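Worksheet for the structure shown next.
Just so it is clear, none of the values below were taken in a lab; they were calculated from the coordinates. Quantities reported herein were computed from a predicted structural model and do not represent experimental measurements. Using ideal geometry, Cβ is built from the backbone for each residue, glycine included, and neighbour counts are taken over all protein chains shown.
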Amino acid sequence: MEFIGAPRTMRSAAIREERFARLGEPHIRPLVDYVAQLRTSSGAEVPMFDPSDGGVNARLLFLMEKPGPMTSAEGRGRAGSGFISRDNDDPTAESTFKFMVEAAIPRQETVLWNVIPGWNGTRRVTAEELGCGIRAINSLLTLLPKVGVIVLVGRKAQRAEPLLRGAGLQVFRSSHPSPIVRASRRAEWDAIPRQWANAYAASL
């Protein structure tokens with residue numbers, strides 16, 4: 001079954017409740033346990049995987065950089081969703097959704113995550129955070145037996161490439177679908193759907 005969704009639908013409390021209610025589904029349950037372990041070991045606010053994605057059945061892992069404030073259900077001001085999701089109520093998530101559609105990548109073939117798994121109130125990435133994040137990804141990969149392709153999305157995520165090359169997976173790169181990249185490096189922004197489509201083709 002392919003889960004479609006729509007951009008920015010996580011602004012709805014009813015949609016967020018529906019996603020939380022699905023966390024016991026077989027394709028997502030092992031990843032729920034993984035997040036719980038990360039929260040305990042790190043003490044960080046680690047968002048949940050979106051059950052409308054492929055979960056443990058995914059063939060492509062898209063690694064972004066670091067969770068943003070709209071992944072946080074406990075942040076200040078406007079409430080976030082508590083999920084890493086292309087349906088989050090922010091421009092980067094909206095662009096991610098649209099680029100996935102443009103690249104013709106079925107949602108159930110993908111799982112989204114971040115090199116730095118927890119949100120700590122700042123987008124800055126330290127070397128210590130990066131090292132901890134890589135160790136967490138290595139654990140995650142044991143739960144994703146069908147993943148053959150990793151897409152490193154953004155320059156901070158791409159710092160992890162040397163440590164991921166040893167996993168025996170194909171590694172692709174793309175720019176980050178953020179408004180900053182769109183404004184400052186438009187050619188890179190425009191190339192994102194093509195790069196993601198190439199990664200999907202390699203996974204088939």
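Radius of gyration (Cα atoms) of the stretch 125-204, expressed as a multiple of 2.2 N^0.38 Å: 1.17. Taking amide H as placed 1.01 Å from N in the peptide plane, Val151 has its amide H under 5 Å from the amide H of Leu61, Phe62, Leu63, Phe172, each at least 5 places away in sequence or on another chain. The order of the peptides 172-178, 196-202 by mean Cβ neighbours within 10 Å, most packed first, is 172-178, 196-202. The residue list Leu140, Ala44, Gly154 was ranked by how far each Cα lies along the charge dipole of the stretch 9-203 toward its positive end, using unit charges on Cβ atoms, and Gly154 comes out on top.
Roughly what % of DSSP beta bridges within the chain run antiparallel, to the nearest 5?
5 percent
For the chain, the convex hull drawn through the C-alpha positions has a volume of 113 cubic angstrom per residue. Cβ crowding within 10 Å, taken as a proxy for footprinting-reagent exposure, orders Ile116, Ile4, Ile15 from fewest neighbours to most as Ile4, Ile15, Ile116.
Over the chain, DSSP H runs of length four or greater, each weighted -39,500 (n - 2.57), average out per residue to a 222 nm ellipticity of -12000 deg cm²/dmol.
Between Leu141 and Leu23, residue separation times 0.36 nm minus the direct Cα-Cα distance comes to 40.6 nm.
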